[in-house]
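Student: Below are the C-alpha cells for one structure; questions will follow.
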Amino acid sequence: MDAKITKERISRMLSYDWLKIIGLCVAAIFFWTLVFTVSATRITTAQQFTVINYFGNAGMVNTSFSKDFTKAFNDGLFSYEVIDISEVDVGGNAEMGATLMQTRVATEEGDVVFVPDLTDAGSEYEINGEKYQDTYLQNLVRNYGWNLENLDRKQAGSFFNRLEAFLNEYYGNYAEENATLNTEKVKQDFLARVAKNKDKRFKTDAQKEKGIRDEIKRVEKYRNALIEFDGYLESGLVQLTATQVRNIETGELSESQVYSINICPNPEKMPNLTKIAGYWVEVLNEAGEKQPDKLSALNMNVAIMRFEGMEGTFEFESLLYINHVIRTGKTQ
C-alpha cells in the first residue's frame, strides 16, 4: 500500500476534511479552557475587600478616594488574607445602580458601604394619601437589611459582640491594658483551619510558620482596631445610627436597628473626609442665586455587609478600613 505523503494528498485531505480539523481544534481549545477554569484557584469572599458607594455619595468617583484606598492596601492596612481590593459606584442612574447592587449582593461582593443619611429625592411614595420619602440609608436598609451587620455595640450576636468574643478567646479579657495574647491557641486554631480547608498556601513548614506569624498579627490588629474605634465612639467623634424603615403598605415604622455608623456627625471635626466620602450639595448665595455645588460629608454613614461565604472571622477586616477612614478624615 502506498502511504507516501504528498502535496496532492495533503491538498485533497484539507479540501474534504477542513471543517473536521477546525472543529477538533475548537473542541481542544474549549476542553483545555474548561480544565484550567475548573482547576484554577478562586479568590474567596474574604480575600477580596470591596467598598461600595450607595446612592448620593460622590466621593467614590474622584481620584483621591482611589489613591487613598490603594495606598492603604499597599501599606498593609488589612491582614494577610486580603489580596485584592475593588470599588463599586452604584450612584447616578437609580435603575442601573439597583441592578449593580443586586448583582454584587448575589455574588457576595461588598464589605463596607458608604451611604449618606439624607433624603433621597427619588424615593417619594404615598401611603393612605400621605407622602413620604426615604433617606439613602433607609433605602439601603429596606432593600438589603438582611445582608447588613447589626452594629449595636452591646447586642448579643452583633458585629461588635462577636468581635469581643473572638478577642477574648485569645486574650482572656482583650480590654485589659496589659492583656496577653495566647499565641499557642492562635497557632492551634490557625493550623486546624488550614487543615479543614485544605489551604494550598500553607503546605510546607516554612509556609505554615509564616502563616502563624501573620495570623498573630491579624488578631493583634483586630484588638487594636476595636480599642481605637471605642475611643472614637466614646469621644463622640462618630455615632451609631439607629434606623427605622416604614412599611410601604401600612405606613408603620419598623423597630429601630443599628445598621450603620455615622462617621461625620460634626463636619468641623472631620474636615478631610470629603477626600474619601462625600456628596454634592446645592449652594445659594444671600440673593438666592445658585453657586457652584460643594462636597459635604455631614451624616455620612458606613454600613458593613454580611455574607454566609465569609469564613474565619475575616469580616472584622471592615473595622480596619473604617478606622482608617476616620483617622484620615478627622482633624490632625
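The values are calculated or read from the model by the stated rules, or taken from the named source; none is laboratory data. What you see is a predicted model, and the numbers here were worked out from it, not measured in a lab. Using ideal geometry, Cβ is built from the backbone for each residue, glycine included, and neighbour counts are taken over all protein chains shown. Please note that ligands, DNA and RNA were not included when accessible areas were found on the heavy atoms of the full protein model with its side chains. Shrake-Rupley method; radii C 1.70, N 1.55, O 1.52, S 1.80 Å.
Student: Test L151 against the criterion of being under 19 Å from F49 (Cβ atoms), open to solvent by less than 50 Å² (accessible area, probe 1.4 Å) and of a type outside the set (G, A, S), and give yes or no.
Tutor: On the way: under 19 Å from F49 (Cβ atoms): yes; open to solvent by less than 50 Å² (accessible area, probe 1.4 Å): yes; of a type outside the set (G, A, S): yes.
Criteria met by L151.
Student: Would you mind finding the one in N197, N161 that is within 19 Å of A303 (Cα to Cα) and not small (G, A, S)? Outline the logic, then answer.
Tutor: Details: N197 fails: within 19 Å of A303 (Cα to Cα).
Selected residue: N161, the only one of N197, N161 that is within 19 Å of A303 (Cα to Cα) and not small (G, A, S).
Student: Can you pull out the residues in region 183-221 that are buried (at least 16 other Cβ atoms within 10 Å of the Cβ) and more than 21 Å from E315 (Cα to Cα)?
Tutor: Scanning region 183-221 gives F202, K208.
Student: Could you name every one of the strands (runs of 3 or more DSSP E) located completely within region 258-332 that has at least 2 residues being among the aliphatic types (A, V, I, L, M), within 27 Å of F78 (Cα to Cα) and open to solvent by less than 50 Å² (accessible area, probe 1.4 Å)?
Tutor: Numbers: elements: 279-284, 290-296, 300-304.
Qualifying strands (runs of 3 or more DSSP E): 300-304.
Student: Of all residues in region 171-180, which are open to solvent by less than 70 Å² (accessible area, probe 1.4 Å) and free of Cβ contacts under 8 Å to residues at least 40 places away in the same chain?
Tutor: Matches in region 171-180: G172, N173.
Student: Okay, moving on. Could you check K196 against (1) outside any loop (DSSP other than H, G, I, E, B); (2) in contact with a helix residue (DSSP H, G or I) (Cβ under 6 Å, 6 or more places away or on another chain) and say which number it fails?
Tutor: K196 satisfies every listed condition except (2).
Student: Within region 263-284, is there a residue that is touching a residue at least 40 places away in the same chain (Cβ under 8 Å) and within 21 Å of F160 (Cβ to Cβ)?
Tutor: Yes, because at least one residue in region 263-284 is touching a residue at least 40 places away in the same chain (Cβ under 8 Å) and within 21 Å of F160 (Cβ to Cβ).
Student: Any residue that is at pLDDT below 90 and open to solvent by 30 Å² or more (accessible area, probe 1.4 Å) - is there at least one of those in region 65-84?
Tutor: Keep residues of region 65-84 that are at pLDDT below 90, which gives 65-66.
Remaining after also requiring open to solvent by 30 Å² or more (accessible area, probe 1.4 Å): 66.
Yes, region 65-84 contains at least one residue that is at pLDDT below 90 and open to solvent by 30 Å² or more (accessible area, probe 1.4 Å).
Student: Six or more apart or on different chains, Cβ under 6 Å: which pairs go from a residue in region 219-241 that's closer than 14 Å to L163 by Cβ to one that's of a type in the set (V, I, T) and modelled with pLDDT of 95 or more? Could you list them?
Tutor: What qualifies is V219/V186.
Student: In addition: What is the residue count in region 119-157 for residues that are free of Cβ contacts under 8 Å to residues at least 24 places away in the same chain and not hydrophobic (A, V, I, L, M, F, W, C)?
Tutor: Within region 119-157, the first condition is being free of Cβ contacts under 8 Å to residues at least 24 places away in the same chain, and the residues that meet it are 119, 121, 123-124, 126, 129, 131, 133, 135, 146, 154, 156-157.
After this cut, where a residue has to be not hydrophobic (A, V, I, L, M, F, W, C) as well, the list is 119, 123-124, 126, 129, 131, 133, 135, 154, 157.
Residues meeting the conditions: 10.
Student: Which of the residues belonging to region 232-257 are assigned to a helix (DSSP H, G or I) and either loosely packed, with under 13 Cβ neighbours inside 10 Å or under 20 Å from the mean Cα position of the chain (by Cα) (or both)? Quick ask: steps written out before the conclusion?
Tutor: Taking region 232-257 and keeping what is assigned to a helix (DSSP H, G or I), we get 232-235.
Those that are assigned to a helix (DSSP H, G or I) and either loosely packed, with under 13 Cβ neighbours inside 10 Å or under 20 Å from the mean Cα position of the chain (by Cα) (or both): E234, S235.
Student: Is one or more of the residues making up region 229-245 over 24 Å from Y174 (Cα atoms) and hydroxyl-bearing (S, T, Y)?
Tutor: Quick first cut of region 229-245, residues over 24 Å from Y174 (Cα atoms) only: 241-245.
From what is left, the residues that are hydroxyl-bearing (S, T, Y) are 241, 243.
So far as region 229-245 goes, yes, one or more of its residues are over 24 Å from Y174 (Cα atoms) and hydroxyl-bearing (S, T, Y).
Student: Now, a different point. (1) at positive phi; (2) open to solvent by less than 60 Å² (accessible area, probe 1.4 Å): which one isn't true of N128, the others all being true?
Tutor: Among (1) at positive phi; (2) open to solvent by less than 60 Å² (accessible area, probe 1.4 Å), N128 violates only (2).
Student: Just one of (1) open to solvent by 40 Å² or more (accessible area, probe 1.4 Å); (2) part of a strand (DSSP E or B); (3) in contact (Cβ under 8 Å) with a residue 60 or more places away in the chain trips up V113, so point out which.
Tutor: Among (1) open to solvent by 40 Å² or more (accessible area, probe 1.4 Å); (2) part of a strand (DSSP E or B); (3) in contact (Cβ under 8 Å) with a residue 60 or more places away in the chain, the lone unmet condition for V113 is (1).
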